[in-house]
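Structure, as structure tokens:
The values are calculated or read from the model by the stated rules, or taken from the named source; none is laboratory data. Fair warning: this is a prediction, and the values are worked out from it, not measured in the lab. In this analysis, Cβ positions are derived from the backbone assuming ideal geometry, glycine residues included, and neighbour counts consider all displayed protein chains.
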Amino acid sequence: MKLDLKLLSMRFSQAKDEPPVPTDGVNPYLLEKILLPCMNGAVIYLGDIDYTAFDAEDIEALAEYHDALGRAEYKLKQLVETVDNLPPEAGKARMFC
Amino acid sequence: MEELNYSFFSLLHTAKVMFDSGLSETDKENLGIWELDADNSYAVAMDAAGWIFRDTDIYFNEKHEMDTWLFGDPMIDTFCQLCQKYEQRKGISEEENPYRDKMEGCIRENFRFSSYSYGYDWRQSLSKRGRKCVVLFTDCEFYSHDELPKALLDIRSLFLTLNQRMEAELAEETRIIPLSTVTAAQRKEAA
């Protein structure tokens with residue numbers, strides 16, 4: 001298996017600067033004040049949560065978003081692993097930058 | 001990035017349900033000290049049960065590895081007393097009492113948990129000795145503790161509603177003067 005580094009770098013540069021998973025339908029308060037901080041190791045007490053900022057039904061959408069993030073992370077890890085396992089190959093001709 | 005599990009979201013859901021249920025300020029403060037952490041899901045459910053039904057007790061049977069939850073509350077005692085009064089007034093049995101029927105249906109409906117390792121019962125008959133309560137048995141494979149507060153809140157809500165309805169119905173009936181007590185003179189005067 002060969003990897004076209006030029007193509008890969010082009011794809012990376014073309015990629016838009018946006019969240020890996022669309023946040024449509026996810027309550028912004030739950031996303032920004034609860035989920036992302038907790039995923040980054042923050043400690044949140046139940047008494048510190050603003051319960052008026054979301055509905056009980058929003059929690060299901062938040063859990064689904066979290067699962068989608070997990071799937072995106074898994075795909076990314078697979079790509080990293082693939083690239084990591086590729087043996088380096090010497091070029092046929094000497095190249096200068 | 002840390003991966004969060006199902007219990008994290010269910011604890012958040014429990015907290016939301018509890019805070020929206022009209023908890024007292026003291027109970028809110030007690031709930032508020034818990035960290036939003038999946039590991040606290042079971043402990044919060046146990047605490048919440050005690051806030052919903054004031055006289056809740058939990059016993060662990062080591063031999064069978066089973067929890068027995070006794071949900072007692074003055075409102076359950078009131079329900080039983082009103083039921084007895086209602087049955088005497090109507091001349092019906094406990095089985096024929098529509099209020100008991102509704103309450104039992106509500107318990108059955110709300111004690112439908114995702115896991116299967118549980119059983120339940122209720123003691124609401126004044127003819128039976130012991131505390132009047134709703135009983136739940138859960139064994140070590142029961143994992144639906146997060147569903148418990150919502151179920152108990154719904155049961156509690158119906159106890160309150162039925163108590164009000166029964167009180168109103170009984171009060172209404174006491175206002176009606178039986179015809180036999182109206183004297184002939186009063187009938188003549190009314191005519």
What number of residues in segment B:37-55 are more than 9 Å from chain A (Cβ to nearest Cβ) and assigned to a loop (DSSP other than H, G, I, E, B)?
2
Helices (runs of 4 or more DSSP H) (entirely within segment A:1-86) containing at least 3 residues that are facing chain B (nearest Cβ under 10 Å) and surrounded by 11 or more Cβ atoms within 10 Å (Cβ to Cβ)
A:36-39, A:58-85
Going through A:LYS33, A:LYS2, A:LYS16 one at a time, which residue ends up being more than 30 Å from B:ALA48 (Cα to Cα), without any contact (Cβ under 8 Å) to a residue 24 or more places away in the chain and not β-branched (Val, Ile, Thr)?
A:LYS16
In segment B:86-111, what residues are under 21 Å from B:LEU160 (Cα atoms), among the basic types (Lys, Arg) and without any contact (Cβ under 8 Å) to a residue 40 or more places away in the chain?
B:ARG100, B:ARG108
Condition first: hydroxyl-bearing (Ser, Thr, Tyr), within 11 Å of chain A (Cβ to nearest Cβ) and outside any loop (DSSP other than H, G, I, E, B). Can you find one or more residues in segment B:13-36 that meet it?
yes
Looking at segment B:144-162, can you tell me whether even one residue there is closer than 22 Å to B:ASP20 by Cβ, hydrophobic (A, V, I, L, M, F, W, C) and in a loop (DSSP other than H, G, I, E, B)?
no
Pick from B:THR161, B:THR68: which is among the hydroxyl-bearing types (Ser, Thr, Tyr) and modelled with pLDDT of 95 or more?
B:THR161
Inspect segment B:120-128 for any residue being of a type outside the set (Gly, Ala, Ser), within 20 Å of the chain's Cα centre (by Cα) and under 21 Å from B:SER41 (Cα atoms) and give the result as yes or no.
no
Could you run through segment B:24-69 and say how many residues are surrounded by 19 or more Cβ atoms within 10 Å (Cβ to Cβ) and of a type in the set (A, V, I, L, M)?
7
